[in-house]
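Q: Please find one structure pasted underneath; my questions will follow.
Just so it is clear, none of the values below were taken in a lab; they were calculated from the coordinates. Every value quoted in this text rests on a predicted model; they were computed, and no experiment measured them. Virtual Cβ from ideal backbone geometry, glycine too; neighbours counted across all protein chains shown.
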């Protein structure tokens, strides 16, 4: 089955979210703060999530207002353009609180799009 652009972008969001959650398995705040490689890996995942969100069609974003698309895109923009001033508290909160909630929501959207009509 050939995927359309929105399906591909949603899969990118899912893959990067899963990767970030895998990185954070059994990681507490102290371990996070002491591991720059982990921090950079999470930042990269968040960048991809934001970029893929920005490239989704407006109609898909409008049809799913429960997903904080603008916040996801905004975080990506801040990370890219203010790379010297990344808030590690926000990255940690995103990875531990926001991404676990986001994953099943985006998986559900993709599953709905993949259903034959």
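Q: Identify which of the listed values of percent of Cα pairs over 25 Å apart was calculated from the structure shown: [x] 23; [y] 37; [z] 8.
A: [x]
Q: In whole Å, how far is the Cα centre of region 8-36 from that of region 60-117?
A: Here the answer is 13 Å between Cα centres.
Q: If you line up the long axis of helix 36-54 against the longest principal axis of the chain, both from Cα atoms, how many degrees apart are they, to the nearest 10?
A: That works out to roughly 30 degrees.
Q: Using 0.36 nm per residue of separation minus the Cα-Cα distance, give me the extension gain between residue 87 and residue 57 in nm, one decimal.
A: Length difference between fully extended and current span is 7.9 nm.
Q: Please tell me the relative contact order of region 21-90 in percent, rounded to the nearest whole number, where contacts are Cα pairs under 8 Å and at least six residues apart.
A: Across region 21-90, relative contact order equals 32 percent.
Q: What is the helix-to-structure angle for 99-114, meaning the angle in degrees between its Cα long axis and the longest Cα principal axis of the chain, kept from 0 to 90 and rounded to the nearest 10?
A: 20 degrees
Q: Along the three principal axes, how long is region 58-117 when you take its alpha carbons, biggest first, rounded to the nearest angstrom?
A: Per principal axis, max minus min of the Cα coordinates gives 47, 24, 16 Å.
Q: Another question, if that's okay. Kirkwood hydrodynamic radius for region 1-40: how many Å is it when counted over pairs of different Cα atoms?
A: This gives a value of 11.8 Å.
Q: Just need the relative contact order of the chain here, percent rounded to a whole number, with Cα pairs under 8 Å and 6+ apart.
A: RCO, the chain: 37 percent.
Q: Here is a follow-up. Taking a virtual spin label 7 Å from the Cα of residue 5 along the C-beta vector, which residues in region 39-58 bring their backbone nitrogen under 13 Å of it?
A: 52-58
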